[in-house]
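Engineer: One structure is given below, represented as structure tokens, and several questions about it will come after.
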Amino acid sequence: MTLLAPSRVRRRELERGAGSILAVALVAAIIACLVLVAPLCSVLVARARATGAADASALAAADAARGILPGIPCRVAASVARENKATLSGCRADGVIVTVKVSVTVFGLPVSARATAGPASSGR
């Protein structure tokens, strides 16, 4: 018994729709990549938000420590962090130099940033 190779017409009929399957697989791969990259982008945005909130909180707290703004430095820092949709998770005032730690929650996980502010040293 000899097996005969299918004719070209028969081969084309067997391969019909292969392009559709390839297109569906390509779209599925792109969607999977987007699903994996979206959380990473959200974390990077939250990190930038936390950094900005920490910087602003530290600067405001340092101004309060120097008497430029009214209030207690750490309370001022908490207020500024809250205005920036962040939470003050740490504050230490050492004279007129203030260090703050601020956190932002993304996907239920805290993303934090730390900043220190105070007057410029006179030796520079």
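The values are calculated or read from the model by the stated rules, or taken from the named source; none is laboratory data. What you see is a predicted model, and the numbers here were worked out from it, not measured in a lab. For neighbour counting, all protein chains shown are included, and Cβ atoms are generated from backbone atoms with ideal geometry for every residue, glycine included.
Engineer: I need every pair where a residue in the range 43-62 that is in contact (Cβ under 8 Å) with a residue 24 or more places away in the chain and crowded, with 18+ Cβ neighbours inside 10 Å has its Cβ under 9 Å from the Cβ of a residue that is assigned to a helix (DSSP H, G or I) and hydroxyl-bearing (S, T, Y), sequence separation at least 6 or different chains.
Structural biologist: Listed by first residue and then by second, the contacts come to S57/S79.
Engineer: Sticking with this structure for a sec: If a residue must be part of a helix (DSSP H, G or I) and within 15 Å of V96 (Cβ to Cβ), how many such residues does the range 51-69 contain?
Structural biologist: Residues that pass the stated criteria total 9.
Engineer: Shifting gears a bit: Considering (1) of a type in the set (D, E); (2) modelled with pLDDT under 95; (3) in contact with a strand residue (DSSP E or B) (Cβ under 6 Å, 6 or more places away or on another chain), say which one D55 fails and leave the rest.
Structural biologist: The number of the failed condition is (2).
Engineer: I'd like the full set of residues that are within 30 Å of A117 (Cα to Cα) and either touching a strand residue (DSSP E or B) at 6+ places or on another chain (Cβ under 7 Å) or loosely packed, with under 10 Cβ neighbours inside 10 Å (or both), limited to the range 15-42.
Structural biologist: L40, S42
Engineer: Among the listed residues R92, R82, identify the single one that is surrounded by fewer than 18 Cβ atoms within 10 Å (Cβ to Cβ) and either part of a loop (DSSP other than H, G, I, E, B) or more than 22 Å from the chain's Cα centre (by Cα) (or both).
Structural biologist: R92
Engineer: Out of A81, A86, A115, I need the residue that is in contact with a Ser or Thr (Cβ under 6 Å, 6 or more places away or on another chain), modelled with pLDDT of 95 or more and among the hydrophobic types (A, V, I, L, M, F, W, C). Which one?
Structural biologist: Sole residue among the options that is in contact with a Ser or Thr (Cβ under 6 Å, 6 or more places away or on another chain), modelled with pLDDT of 95 or more and among the hydrophobic types (A, V, I, L, M, F, W, C): A81.
Engineer: Considering only the range 95-124, state which residues are touching a helix residue (DSSP H, G or I) at 6+ places or on another chain (Cβ under 6 Å), farther than 20 Å from A46 by Cα and assigned to a strand (DSSP E or B).
Structural biologist: Within the range 95-124, V98, A117 meet the criteria.
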